[in-house]
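A short reminder: the numbers here are calculations on the coordinates, not readings from a lab. Everything numeric in this text was worked out from a predicted model, so none of it was measured. A quick note on method: Cβ atoms are made from the backbone with ideal geometry, for glycine too, and the neighbour counts reach across all protein chains shown.
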């Protein structure tokens with residue numbers, strides 16, 4: 001494993017920042033303390049900071065130092081590092097830029113751990129490792145700001161509201177890509193299924209779209225002893241649930257992946273009353289928009305016709321959430337090569353797509369890039385005082401593995417170095 005010694009030397013400092021963030025979790029778009037902590041650290045390292053994107057998000061800007069590269073003697077470099085004048089002619093230098101993203105928000109759940117850096121707020125917890133993501137990017141930022149040995153600009157994207165808030169989209173609405181034009185964007189998440197010291201990446205879909213639906217079936221209530229006087233919505237709901245599953249088994253190409261999950265059925269208030277209505281709610285997850293379009297249409301058709309067959313009516317609602325997270329092939333292949341140079345090919349796994357979702361998908365719809373994972377281990381890293389349960393994502397016993405901070409920060413720095421070497425003119 002080839003770690004950057006200077007980053008390893010700063011591990012304790014970055015670990016302490018991570019644990020401070022873990023102890024003070026903030027929910028989506030409430031990350032005021034976290035955002036200010038990050039901003040002050042960046043500024044203390046000489047990094048330009050832009051606050052207020054997506055309410056509580058921020059962007060740090062690090063311009064590379066073209067003087068560190070092969071520039072003719074007597075050249076003059078602009079303050080931004082964007083152009084170089086040589087003998088009366090101007091050539092583009094440092095015009096390329098990439099974005100590195102870390103999410104900052106916590107989850108609305110109570111932590112079971114009792115170690116010293118456990119959450120001080122009941123009902124709020126960093127149970128997905130966003131504190132660690134922020135720490136790894138800060139570790140890289142400190143190193144990049146000190147050396148600036150690349151020819152271009154790095155945008156450090158500290159994003160709010162990933163957990164259901166669509167913070168990526170909100171940052172884009174506030175001009176993320178217009179104010180900070182970048183040629184590619186990259187994101188990293190910890191993965192407890194992978195041993196520490198490993199990475200995972202693949203091209204194409206890596207996470208699914210996340211969407212919710214609700215069907216209100218309106219019948220006609222009656223006495224349970226006189227069902228012929230009413231239109232019972234309950235058996236209609238049961239039939240509809242079964243019919244929805246045939247969309248996956250009979251309408252989709254068997255090579256396509258999708259999940260339709262009915263997670264809520266609500267009807268009735270008394271055992272001797274046939275209710276007027278029943279409601280069905282759930283989620284749909286797919287890896288492509290085309291499959292999602294088909295599922296939404298078929299669900300609407302089934303809902304309407306199922307109800308019509310029994311004299312009832314249907315009100316069908318379908319709300320699209322995060323789109324599929326789809327890695328661009330060239331960028332995924334590039335990151336795989338960088339990972340291999342650090343840990344060796346045997347420690348870089350081909351990531352198996354998951355039906356979980358990520359709002360980094362919005363970034364990848366606009367810019368080339370890739371989303372990848374770093375192994376967080378099996379939980380043996382947790383200090384005394386952790387809960388008895390597993391160290392998995394969205395679990396009250398979870399904690400980020402501080403031992404992987406240097407590896408994650410090294411990967412970020414290496415991505416920057418290698419990307420600019422390949423893309424700078």
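Relative to the longest principal axis of the chain, what angle (0 to 90°, nearest 10) does the C-alpha long axis of helix 233-246 take?
It works out to around 50 degrees.
Run the numbers for residue 380 and residue 32: contour at 0.36 nm per residue of separation, minus the present Cα-Cα distance, in nm.
Numbers: separation 348, 0.36 × 348 = 125.28 nm, distance 3.18 nm.
Extra length available between residue 380 and residue 32 comes to 122.1 nm.
Against the globular-protein guess of 2.2 N^0.38 Å, express the Cα radius of gyration of region 191-324 as a ratio, rounded to two decimals. Show your work: numbers first, answer last.
Details: Rg = 18.6 Å, N = 134, 2.2 N^0.38 = 14.1 Å.
Normalised by 2.2 N^0.38 Å, the Cα Rg of region 191-324 equals 1.32.
Which percent, to the nearest 5, of DSSP beta bridges fully inside the chain are antiparallel? Walk me through the numbers before you get to the answer.
On the way: 51 of 73 bridges.
Taking every DSSP beta bridge with both residues in the chain, the antiparallel ones total about 70 percent.
Rounding to the nearest 10 and keeping the result within 0 to 90°, find how far the Cα-based axis of helix 130-147 lies from the longest principal axis of the chain.
The angle comes out at about 20 degrees.
For a quick check: sort 285, 148, 220 by the number of other beta carbons within 10 angstrom, fewest at the front. Numbers along the way, then the final one.
Working: 285 24, 148 18, 220 15.
Least to most surrounded, the residues fall as 220, 148, 285.
Based on the alpha carbons, how large is the Rg to Rh ratio for the chain when Rh follows Kirkwood?
On the way: Rg = 25.3 Å, Rh = 23.7 Å.
For the chain, the value is 1.07.
Working from Cα positions, state the angle (0 to 90°, nearest 10) between the long axis of helix 11-23 and the longest principal axis of the chain.
With both axes taken from Cα atoms, the answer is about 30 degrees.
Compute the projected area of the convex hull of the Cα atoms of region 248-326, averaged over all viewing directions, and report it in nm² to one decimal place. Before the final figure, lay out each step's value.
Working: hull surface 26.1 nm².
Seen from a random direction, the Cα hull of region 248-326 projects 6.5 nm² on average.
With the contact rule set at Cα under 8 Å and sequence spacing of 6 or more, what percent relative contact order holds for the chain? Show your work: numbers first, answer last.
On the way: 987 pairs, mean separation 99.1, N = 425.
With pairs under 8 Å counted, the relative contact order is 23 percent.
Calculated from DSSP H runs of 4 or more alone, at -39500 (n - 2.57) each and per residue, what is the 222 nm mean residue ellipticity of the chain, nearest 500?
Rounded to the nearest 500, it is -10000 deg cm²/dmol.
Express in nm, to one decimal, how much length is gained between residue 212 and residue 269 on full extension, taking 0.36 nm for each residue of separation and deducting their alpha carbon distance.
On the way: separation 57, 0.36 × 57 = 20.52 nm, distance 2.50 nm.
Length gained, residue 212 through residue 269: 18.0 nm.
Specify the residue with the greatest mean-square fluctuation among 95, 380, 414, computed from a Gaussian network of the chain linking alpha-carbon atoms under 10 Å apart.
Sorting by GNM fluctuation, first place goes to 380.
By counting other Cβ atoms within 10 Å of each Cβ, how are 421, 28 ranked from fewest to most?
Least crowded to most crowded, the residues run 421, 28.
Give the order of 249, 56, 283, 110 when sorted by the count of other beta carbons within 10 angstrom, beginning with the fewest. Working shown, then result.
Numbers: 249 8, 56 27, 283 18, 110 13.
Fewest-to-most Cβ neighbours within 10 Å comes out as 249, 110, 283, 56.
Show log10 I(q)/I(0) for region 99-243 at q = 0.09, 0.10 Å⁻¹, two decimals, from a solvent-free Debye sum over equal Cα scatterers.
-0.52, -0.60
Rg to Rh ratio, region 343-425, alpha-carbon atoms and Kirkwood radius? The partial results should precede the final answer.
Working: Rg = 16.3 Å, Rh = 15.8 Å.
Ratio of gyration radius to Kirkwood radius: 1.03.
Run a plain Debye calculation on region 276-425 (Cα atoms as equal point scatterers, no solvent) and give log10 I(q)/I(0) at q = 0.10 Å⁻¹, rounded to two decimals, same order as the q list.
Each listed q corresponds, in turn, to -0.59.
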